[in-house]
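The values are calculated or read from the model by the stated rules, or taken from the named source; none is laboratory data. All values derive from a computational prediction rather than experimental measurement. A quick note on method: Cβ atoms are made from the backbone with ideal geometry, for glycine too, and the neighbour counts reach across all protein chains shown.
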2 protein chains.
Amino acid sequence: MSSVSTRDALITAATDLLDAGGVDAVTLREVGHRAGVSHNAPYKHFADKQALLAAVAARELADLTEAMRFGTEQLSAGELVEAAMLGYVAWALRHPNRFTLVFGPWTTDCAELGERAGVAWSLIVQAVTAAQVAGELPAGDPERLAALIRATTHGAIVLALTGHLSASGKGHANADDLVHDLFTRLRVT
Amino acid sequence: MSSVSTRDALITAATDLLDAGGVDAVTLREVGHRAGVSHNAPYKHFADKQALLAAVAARELADLTEAMRFGTEQLSAGELVEAAMLGYVAWALRHPNRFTLVFGPWTTDCAELGERAGVAWSLIVQAVTAAQVAGELPAGDPERLAALIRATTHGAIVLALTGHLSASGKGHANADDLVHDLFTRLRVT
DNA sequence: ACCTGAACACCGTTCAAGT
DNA sequence: ACCTGAACACCGTTCAAGT
């Protein structure tokens with residue numbers, strides 16, 4: 001029991017440090033201190049620092065899935081896909097450091113992570129398929145169309161987070177605008 | 001003179017280490033050793049480690065601009081934009097660690113970096129504008145359309161690098177396919 | 001102006017030992 | 001089974017000193 005809550009406290013402490021100062025600020029010593037244990041107690045719950053970060057990412061993936069569900073009541077199939085992507089954008093802009101952690105260059109390593117990501121994105125493919133059936137999105141391989149939507153959304157977030165968006169003159173489009181633009185173009189077809 | 005070549009050697013050594021083992025493998029001690037100087041000689045050329053990494057990123061941005069120009073002879077305005085994006089994809093997949101460094105969460109910090117990125121992407125806006133004039137891309141704010149294209153390309157690369165693309169079943173679309181899909185949808189309009 | 005060697009503080013990880 | 005304190009190797013950064 002105590003071990004479970006300690007493990008959870010470690011993940012929470014790591015998430016707090018991540019939010020406050022980025023992944024470099026997540027030090028096992030500070031994580032342990034905030035969780036009320038010694039600086040090497042984490043090794044009894046995680047293989048190493050990367051495993052702890054993977055646990056943080058796994059928890060956040062569940063959070064992201066929830067954020068994509070927010071306010072999607074009483075929407076058409078096509079609107080639901082767009083709303084989910086806007087929820088994705090909102091989550092990422094709200095927790096930029098969690099976003100960069102979850103989609104860092106090591107997602108493949110952890111099996112649990114890949115699994116949870118697969119679940120989250122299979123929901124998107126489902127929604128895209130429904131929108132295609134409803135005639136709100138163009139025909140074609142749903143997985144491929146979902147990948148396109150996903151790529152645009154992801155890229156819009158990255159551009160927004162790195163400041164490559166607001167810097168580009170008076171157009172001052174934000175990530176939401178880019179996602180909306182994509183859906184507008186897709187629906188015209 | 002010697003200082004210039006030392007500075008250059010430091011950047012080259014850092015780039016090699018980046019390619020080999022990611023940004024974490026870039027240690028000032030190993031950089032100095034590979035450049036034939038002591039482990040703290042870099043501080044005579046760069047304020048700190050981040051400044052060295054920023055110099056690496058700045059050099060790579062020039063490389064990226066070149067990659068986007070590759071093989072763009074005898075193409076229509078619309079094809080030129082797509083070819084530039086495919087060049088961007090090819091560069092990123094060829095040097096994944098440089099890609100994640102250049103578009104890391106700190107691009108805003110360095111003035112030179114922001115400047116060079118601005119130059120690179122203003123070329124894209126120019127090409128997009130030309131394609132619009134030629135009727136190969138839909139009308140609208142060129143900066144905003146360029147941002148959409150840019151976001152999709154960037155997102156497709158990230159998805160490919162993190163393995164979120166090939167894992168999604170039989171569709172097995174790669175980054176090139178997604179970029180091509182976007183241009184296909186845009187041209188239909 | 002550029003470089004070096006020693007030193008400091010910090011961190012990930014391991015280990016022997018405790019309950 | 002879970003935790004601790006000490007220890008080791010490594011790294012970023014600083015400093016006094018050398019040419």
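In the set (1) within 14 Å of DNA strand C (Cβ to nearest atom); (2) of a type in the set (Ser, Thr, Tyr); (3) surrounded by 14 or more Cβ atoms within 10 Å (Cβ to Cβ), the condition left unmet by residue B:38 is number (3). For the stretch A:41-53, the set of residues classified as more than 12 Å from DNA strand D (Cβ to nearest atom) and either crowded, with 16+ Cβ neighbours inside 10 Å or not polar (S, T, N, Q) (or both) consists of A:47, A:48, A:49, A:51, A:52, A:53, listed by residue number.
Residue-by-condition table, conditions (1) in contact (Cβ under 8 Å) with a residue 40 or more places away in the chain; (2) away from chain B (no Cβ under 14 Å); (3) more than 13 Å from DNA strand D (Cβ to nearest atom):
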| position | (1), (2), (3) |
| --- | --- |
| A:18 | yes, no, yes |
| A:22 | yes, no, yes |
| A:35 | no, yes, no |
| A:39 | no, yes, no |
| A:56 | yes, yes, yes |
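Of the helices (runs of 4 or more DSSP H) contained entirely in the stretch A:64-173, those carrying at least 2 residues that are more than 10 Å from every other protein chain (Cβ to nearest Cβ) and modelled with pLDDT under 90 fall at A:111-133.
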